[in-house]
Amino acid sequence: MNGEEADVVRIAFEQILDAAEEPAARDVVDAAVAGGRRARRRRLALSATGTMLFVALTATAVTALPGAQPQHRPVPLSPPSVGRPSPDRAPSSASVPTPVSASPHPGGPSSGGSPGQGPRSAP
Amino acid sequence: MCVREEVREREFRAFAEARQAQLRRSAYLLCGDWHQAQDLVQITLMKLYAAWGRVRKDGNVDGYARTILTRTFIDQHRRRRWREEPLTELTDPPSTGPETPELRLVMRSALMRLPPRYRAVLVLRYWEDWSVEQTAEALRVSTGTVKSQSARGLARLRELVGDLAEETSRR
C-alpha cells in the first residue's frame, strides 16, 4: 500500500467521524476509576489467596515428605565379643571378623572365595 | 486512601480526561455506534486504571490504552457473535435521506461491513498511524497477518464502496 492510499483511507475515516453526530459525552472517568479500583482489589485478593494456598500446600508437602521424618534409625550393633555369628545372617566383614578376611595372603585358603562374594581387588 | 493511591488516581484522571475524546473517536471507528464507543472507552479506562502502576512504568500509556481498546472491541465482538447474532445485523443501517452526506455514509456503511479484525487493522494502521509491527503486537498476530489483513481489508472496502455508491446513485 502506498502513502497516497493511506491518505485516502485516513481522509475517509475523518469524513466518517465528521458525518457522525457525536452525542454529548458523559464523563466515564469516575466510573472507570471506581471499576478499576474494584478490579485491582479483586486481583490483589486473588493473588493473596493464591500465595497463602501455595504456602500452605508447600508446608503440607514438606512435612509429608518421606525424607523429612527421621526414618533411618541406627541399628544397635551387637557387641563383637558376644556369641558367634548366626548362620542365617550373611557374613559381614564389618561386624563379624572372620579368619578369611583376616588372612593377608590373597592366594591363601580363602582365594576361592565363598559363593556369592565378589572378586577382591589386589592389595 | 493513602498518599500513593491519591497520586496514582490524580495521574490517571489527568491522562483519562485528556484522552477520552480521542479514544471515543477511535472506538466509534471500530464499532460504528457512539453508545457502544462510550462503553468501550469506559471498559478500556477501567482496565488501564487497574494496571496503571505497571503501565506508567513502561512509559507508552497512550499506546497501551489503544491496544486495550482494540482488544476489548475484538473480544466483545467475538463473545457477542458467539452468543447472539452478527454485528452487521445489529448495527443500524445508514439512513440515506436527501439531507445526509451520502458518500460519508457509504464509507461508514462499507467500513461496518468489514469483519471486525480487518476493521481493527485498518483503524490502527491508517487512523492511529501505527506500524505493521505495532499493530501486530497489539492484535497478538504476526506481521504477515497484519499485512495480508490490511491488504484484504482495503480491497474489500474498495469493493463495498463501489457497490454501495452504485446502489445509492440508482435510488
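The values are calculated or read from the model by the stated rules, or taken from the named source; none is laboratory data. Computed from a predicted structure; not experimentally measured. So basically every Cβ, Gly included, is an ideal-geometry build from the backbone, and we count neighbours across all protein chains shown. Only protein heavy atoms, including side chains, enter the accessible area calculation; ligands, DNA and RNA are left aside. Shrake-Rupley method; radii C 1.70, N 1.55, O 1.52, S 1.80 Å.
Compute the distance from the alpha-carbon center of the range B:107-171 to that of the range A:30-62, in whole Å. If we compute the Cα centre of each part, the gap is 40 Å. Spin-label model, B:Ser131/B:Thr143: points 7 Å from Cα along the beta carbon direction are separated by 0.8 nm. State whether the range B:1-92 is rounded, prolate or oblate according to the following rule on the C-alpha gyration tensor (a ≥ b ≥ c being the square roots of its eigenvalues): a/c under 1.5 gives rounded; otherwise a/b larger than b/c gives prolate, and the remaining case gives oblate. Taking the square roots of the gyration eigenvalues as a ≥ b ≥ c, the range B:1-92 is prolate.
Full-extension gain between A:Asp27 and A:Asp7, please, as 0.36 nm times their residue separation minus the C-alpha to C-alpha distance.
On the way: separation 20, 0.36 × 20 = 7.20 nm, distance 3.21 nm.
That works out to 4.0 nm of additional length.
Dipole orientation for the range B:1-92: of the candidates B:Ala51, B:Leu40, B:Ala18, B:Ala51 has the Cα lying most toward the positive pole (charges on Cβ; Lys, Arg +1; Asp, Glu -1).
Remark: mean inter-chain Cβ contacts per residue of B:3-10 equal 1, using a 10 Å Cβ-Cβ cutoff to other protein chain atoms.
Per-residue mean of foreign Cβ neighbours for A:35-46 is 4 (Cβ atoms of other chains, 10 Å radius). Highest-first packing order for the peptide set B:54-63, B:144-153 is B:144-153, B:54-63, based on the mean count of other beta carbon atoms within 10 Å. Per residue, the range B:1-82 exposes an accessible area of 50 Å² to a 1.4 Å probe, with every protein chain left in place.
Derived scalar couplings between HN and Hα for the range B:54-71 equal 5, 4, 5, 5, 5, x, 8, 5, 4, x, 5, 4, 5, 5, 4, 4, 5, 5 Hz in order, rounded to whole Hz, by the Karplus curve 6.51 cos²θ - 1.76 cosθ + 1.60 (θ = phi - 60°), x for Gly and Pro. Shielding by partners for peptide B:40-49, expressed as the average number of C-beta atoms from other protein chains within 10 Å of each residue's C-beta, is 5. With the simple spin-label model, which puts each label point 7 Å out from Cα in the Cβ direction, the B:Glu17 to A:Val62 separation comes to 5.1 nm.
Note on B:Asp58 and B:Val3: their simple-model spin labels are 2.9 nm apart, each label 7 Å out from Cα toward Cβ.
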